[in-house]
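J.: This is the structure I want to talk about, given as structure tokens.
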Amino acid sequence: MNPLRRLLLKGAGASGAVLAAIAAGALRPGQVLAASWNTGAFEAKKVGDAMSGLGIANPVDSADIVMKAPDIAENGAVVPIEVTSNVPNTQKLSIFIDNNPNPLCASFDLAGGAMPSVSVRVKMQQTSNVRAVAHAGGKFYVAAKEVKVTIGGCGG
Amino acid sequence: MRFRRVIGQSLMAALLCAAVPLACAQDGAATKEEKDATIQEIERYREMIADGNPAELYELRGEEMWKTPRGPKKATLQGCDLGLGPGVVKGAYAKLPRFFADTGKVQDLESRLVSCMVNLQGMNEAEVIARPFGQDAYKSDLEALVAYVVGQSKGVTIAPPLEHAKEKEAYALGKRMFLYRAGPYDFSCATCHSENGRRIRLQDLPNLTTHIGASRAYATWPAYRVSQGEFRSMQWRMNDCFRQQRFPEPGYGSEVVTALISYLAQMASGSPYEGPGIKR
Amino acid sequence: MGDPMKIRASMQGDVAEIRVLVNHAMETGQRKDSAGNLVPAHFIKHLTATVGDKLVVDAQIGTAISRNPVFAFKVKGAKAGDKVVINWQDNKGDSRTDEAVIA
């Protein structure tokens, strides 16, 4: 979707924001790659549905996706996740947490020299598998890692 | 598989331990090997979150606030004397608490900031300290100012003076407070913080009666608390200990909290300040 | 207008490493505040990064991203002195743009 359509769809408040972003040089007409926020995928409650919502079909387990995450997170409010894809032509990375109320965390469209490597911090409601998907030339590659979440103590 | 089972057992032990009323306990059933694996993973988690500390956002806001004319007198805080002379912020936190002649008191950073806001900017003291800690959508000005000032002492050796009679008095009072047992559980700070190897669930508790233990704690507070999504000041940290001891909450900037901070700062004296920290 | 971001951008060999700290509550809509009231959802939905006027990252974000979030990206083909611009937009129509120069 081009920025003009996004702008038209979002109403006055958001379009002001988009215009401001264009004015500031953050966005330029024709530069926006991705579609508007994928409500269906973000609101899906099952990881399979969230993946389908993002157009991910038949993801193949791949050792070419390297996920750095702690085995145990001291606090589920902040769990650092770093995903690097060695799959050639990775254009997009998306991150899912199976046991969250809405499994899709974020997706990153990459262009203009961006390497397929992103770091984020996510919230985890409970111990869960974290999945990273590399989108490359219409194919999908996935890696998973379990992160245990403990409740915090009372001191510190 | 073996590794996972080990972690599971340790977590279980940790949770069981937390159910015991005397919350900080010596480790029980878990073997040393099991504990080490869990502790190593928690350490790795802490390292991963250390790069990218949201405390920097508070430092940014605090610096802006420091330099902006505010209050009835429309003055900045750039004339505020934190002990190294008016306007000197670099390294000032590492030399606090200390005696200030103009107020005739030993002051920690927070009570000193309040003095500057009242005296230089003409703010009302009761209003300044009415809500010193951020919560939900409310952002605390004091916590942002604290973040800015402590960030300017990163890497500076902790060395608060202990020369003036009132500084010695504050240190002695702080030590007494540290050892003072009271409340429904007959707790003191020392109950949890005067032996090596104690912990609450997965948090190991520093032995604050040793230089090394006190340094570990004092050098990494104030800190961004990820569980609260907030930057927390040293007074907040002291209050949280009092809360866990079931003591009444002390007044902001009160003499006894300043004294307790003086005691901890003296115990940590000589170590480099490493804050603002990031904590679970 | 949101609060300022903190952007750190530096060359590590031939790769620009960009790290962004963002001031945002990232409320899920499922959390209760200290008074027991449900806090309405308030979260960043889009975040973009441009380097030297080229869009490099266009992210869609959900509520599972942490409060005061931290993002890091790596970009090839950039050089010291290039301008990095980060923009976010949230579900309430608020937005913020900040920039930095690659060191």
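J.: If a residue must be surrounded by 18 or more Cβ atoms within 10 Å (Cβ to Cβ) and assigned to a helix (DSSP H, G or I), how many such residues does the range B:120-137 contain?
T.: Final tally of qualifying residues: 1.
J.: Taking the condition within 21 Å of B:Glu143 (Cβ to Cβ), within 14 Å of another protein chain (Cβ to nearest Cβ), at pLDDT 95 or above and not in a loop (DSSP other than H, G, I, E, B), does B:Phe242 pass? Talk me through it step by step, then tell me what you get.
T.: Working: within 21 Å of B:Glu143 (Cβ to Cβ): yes; within 14 Å of another protein chain (Cβ to nearest Cβ): yes; at pLDDT 95 or above: no; not in a loop (DSSP other than H, G, I, E, B): yes.
No: the conditions fail for B:Phe242.
J.: Which residues, taken from the range C:38-50, are closer than 20 Å to A:Gln91 by Cβ and more than 7 Å from chain A (Cβ to nearest Cβ)? Let's see the steps before the verdict.
T.: Applying the first criterion (closer than 20 Å to A:Gln91 by Cβ) to the range C:38-50 yields C:46-50.
Within the range C:38-50, C:Leu47, C:Ala49 meet the criteria.
J.: For the range A:43-81, name all the residues that are within 14 Å of chain B (Cβ to nearest Cβ), closer than 12 Å to A:Lys145 by Cα and not basic (Lys, Arg). So that I can check it myself, show each step before the final result.
T.: First, pick out the residues of the range A:43-81 that are within 14 Å of chain B (Cβ to nearest Cβ): A:67-81.
Among the residues that remain, those that are also closer than 12 Å to A:Lys145 by Cα are: A:67-72, A:81.
Correct list: A:Met67, A:Ala69, A:Pro70, A:Asp71, A:Ile72, A:Ile81.
J.: Somewhere in the range B:53-72, is a residue at pLDDT 85 or above, within 19 Å of B:Ala219 (Cα to Cα), part of a helix (DSSP H, G or I) and away from chain C (no Cβ under 14 Å)? Reasoning before the result, please.
T.: Within the range B:53-72, the subset at pLDDT 85 or above is B:53-72.
Subset that is within 19 Å of B:Ala219 (Cα to Cα): B:53-56, B:58-59.
Subsequent filtering for residues that are part of a helix (DSSP H, G or I) retains B:55-56, B:58-59.
When the remaining residues are screened for being away from chain C (no Cβ under 14 Å), the result is none.
The answer is no; no qualifying residue exists.
J.: Out of the residues in the range B:219-239 meeting the condition of being within 14 Å of chain C (Cβ to nearest Cβ) and out of contact with any Lys or Arg (no Cβ under 8 Å at 6 or more places or on another chain), tell me which one is farthest from B:Ala268 (Cα to Cα).
T.: Of all residues in the range B:219-239, those within 14 Å of chain C (Cβ to nearest Cβ) come to B:223-232.
In the following step, the residues that additionally are out of contact with any Lys or Arg (no Cβ under 8 Å at 6 or more places or on another chain) were identified as B:228, B:230.
Values: B:Gln228: 26, B:Glu230: 25 Å.
Among those that are within 14 Å of chain C (Cβ to nearest Cβ) and out of contact with any Lys or Arg (no Cβ under 8 Å at 6 or more places or on another chain), it is B:Gln228.
J.: Name the residues in the range B:76-99 that are crowded, with 19+ Cβ neighbours inside 10 Å and without any contact (Cβ under 8 Å) to a residue 60 or more places away in the chain, would you?
T.: Across the range B:76-99, the qualifying residues are B:Cys80, B:Gly83.
J.: If you don't mind, there's one more thing I want to ask. Keeping to the range B:176-222, report how many residues are assigned to a helix (DSSP H, G or I), in contact with a Pro (Cβ under 9 Å, 6 or more places away or on another chain) and over 25 Å from B:Asn53 (Cα atoms).
T.: 1
J.: If B:Pro132 passes every condition in (1) closer than 26 Å to B:Pro250 by Cα; (2) over 23 Å from the mean Cα position of the chain (by Cα) but one, which one does it miss?
T.: (2)
The values are calculated or read from the model by the stated rules, or taken from the named source; none is laboratory data. Since we're looking at a predicted model, the values are computed, not measured. Backbone-built Cβ (ideal geometry, glycine too); neighbour counts: all protein chains shown.
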